[in-house]
Amino acid sequence: DDYVRDFSRVKLGIPAFNDSALAAFENHSVLQKALDQGKDLVLAPGIYYLSSSLEIKHPNQVILGLGYATLIGPSDGSPCIYIPPHITGIRIAGVMLEATVLSRDEHSPIDKTTSLLQWGDPSINDPGNETNPGCLIDVFARVGGASLERGVSTDVMVQLNSGNIYGDNLWLWRADHVQLRPMEKANFPHISPLYRQTVKGECNVNNGIVVNGANVTMVGLAVEHTNQDQTVWNGEDGIVHFYQCELPYDVDETFAISNYVGYRVGTDVKRHSAYGLGIYSNFRDFDVEVDTAVIHPEISGIH
């Protein structure tokens, strides 16, 4: 029975505790070898620096984090986790995905959309499998917050290009506050003397989630503070039950001029349903007046 896993098919991951560059190579080498062997991963609590993406190549594999094991993305902009097209039944649960400072020098240019989790390929049609869907359960992502670096970034936190994926409890967060450096004072002490409030140009990320696949369902999705549209949904037959979104504190009036919103359904989408959406703003630094929080085609198939 494929639903009962013998523990010989499970690799218990333990993070390497040495220099981060060496740890990133060691973590990836050990964990990727287990995935290549078709094993599931159970990640012990801790911080896992990664030199390359963890690529899942076998159907029905599981990555399960304990204590919200944290995967820190490779510096070349590759995602922490990559699931190629046509790999069905993948389960990812209980992990934190964290952005890093990207290498953008002339020797390692980044000319692709960077992300923390990429499922499928935007250039390949992958409808997924409705009888064996992929799952994201209790998956969090953050750009900034825990790190003392304010230059951490990615383009998109979660990019879903394949279809028939089910998500339950995702929180995708661009940090609105970060740790203070040694001897640093809070920049908005009346808000909190314990943290630095993120300001324009720090911890940049364009979108929390971009959905290009069809038949993707989310139950409990939260996206906060990204620089552009918080959620972009281009796939058909998407369903969302409960969506929470806070627009970014630190943007200026160009956010409104660019017509960025909390929830955008693509212009070509014919069928989409979303229930229980809550989107609000706290524009702290500039006067910003957005016309709407949600944009979608005005057709009967959108609910």
Original post:
Hey, which aspartates and glutamates would be in cross-link range of LYS112, C-alpha to C-alpha under 16 Å, not counting anything within fewer than 8 residues on its own chain?
Top reply: ASP76, ASP121, ASP155
Original post:
Where in region 1-69 are there chymotrypsin sites (Phe, Trp or Tyr not before Pro) that are in a DSSP coil and have at most 11 other Cβ atoms within 10 angstrom of their Cβ?
Top reply: TYR3, PHE17
Original post:
How far is the Cα center of region 233-293 from the Cα center of region 79-103, in Å?
Top reply: 24
Original post:
Among the aspartates and glutamates, which fall within straight-line cross-link reach of LYS39, defined as a Cα-Cα distance under 14 Å, with same-chain neighbours fewer than 8 residues apart omitted?
Top reply: ASP2, ASP6, GLU55
**OP:** For region 147-234, run through the chymotrypsin sites (Phe, Trp or Tyr not before Pro) and keep only the ones in DSSP coil with at most 15 other Cβ atoms within 10 Å of their Cβ.
**Re:** none
Original post:
When the chain is modelled as a GNM with alpha-carbon springs shorter than 10 Å, which of LEU97, LEU160, LEU22 fluctuates the most?
Top reply: LEU22
Original post:
FRET efficiency for GLN37 and ASP6, Cβ-Cβ distance as r, R0 = 22 Å, nearest 0.05?
Top reply: 0.95
**OP:** Quick one: P(r) of the chain from all Cα-Cα pairs, 10 Å bins, percents rounded to integers, in order of increasing distance.
**Re:** 6, 27, 35, 23, 8, 1
Original post:
Most fluctuating residue of GLY128, GLY65, GLY276 in a GNM of the chain with Cα springs under 10 Å: which is it?
Top reply: GLY276
Original post:
In nm, to one decimal, how far is the modelled label at LYS200 from the one at MET183, with both set 7 Å along Cα→Cβ?
Top reply: 3.0
Original post:
How would TYR82, TYR280 line up by accessible area, probe 1.4 Å, largest first?
Top reply: TYR280, TYR82
Original post:
Can you give the helix-only mean residue ellipticity at 222 nm for the chain, where every DSSP H stretch with n ≥ 4 adds -39500 (n - 2.57) and the sum goes over all residues, rounded to the nearest 500 deg cm²/dmol?
Top reply: -2000 deg cm²/dmol
Original post:
With each label point set 7 Å from Cα along the Cα-Cβ vector, what nm distance links ASP19 and TYR68?
Top reply: 3.1
**OP:** Starting from the Cα of GLU289, move 7 Å in the Cα-to-Cβ direction to define the label point; list residues of region 226-260 whose amide nitrogen is under 11 Å from there.
**Re:** none
Subject >> Excluding exposed DSSP-loop GluC sites (Glu not before Pro) (at most 16 other C-beta within 10 Å), longest clean stretch of the chain >> reply: 1-105
Original post:
Which trypsin sites (Lys or Arg not before Pro) in region 143-239 pass both tests, a DSSP loop state and at most 12 other beta-carbon atoms within 10 Å?
Top reply: LYS185
Original post:
What is region 146-239's relative contact order, in percent, from Cα pairs under 8 angstrom and six or more apart in sequence?
Top reply: 37
Original post:
Per 5 Å bin, what is the whole-percent P(r) computed from every C-alpha pair distance within region 1-119?
Top reply: 2, 12, 21, 25, 19, 11, 6, 2, 1, 0, 0
**OP:** Kindly list the residues of region 190-208 that lie in the label zone of ASN282, defined by a backbone N under 12 Å from the point 7 Å along the Cα-to-C-beta vector.
**Re:** 191-192, 197-198
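The values are calculated or read from the model by the stated rules, or taken from the named source; none is laboratory data. All of these numbers come straight from a predicted model, not from anything done at the bench. Reconstructed Cβ throughout: ideal geometry from the backbone, glycine too, with neighbour counts over all protein chains shown. SASA here: full protein model, heavy atoms, side chains in, ligands and nucleic acids out. Shrake-Rupley method; radii C 1.70, N 1.55, O 1.52, S 1.80 Å.
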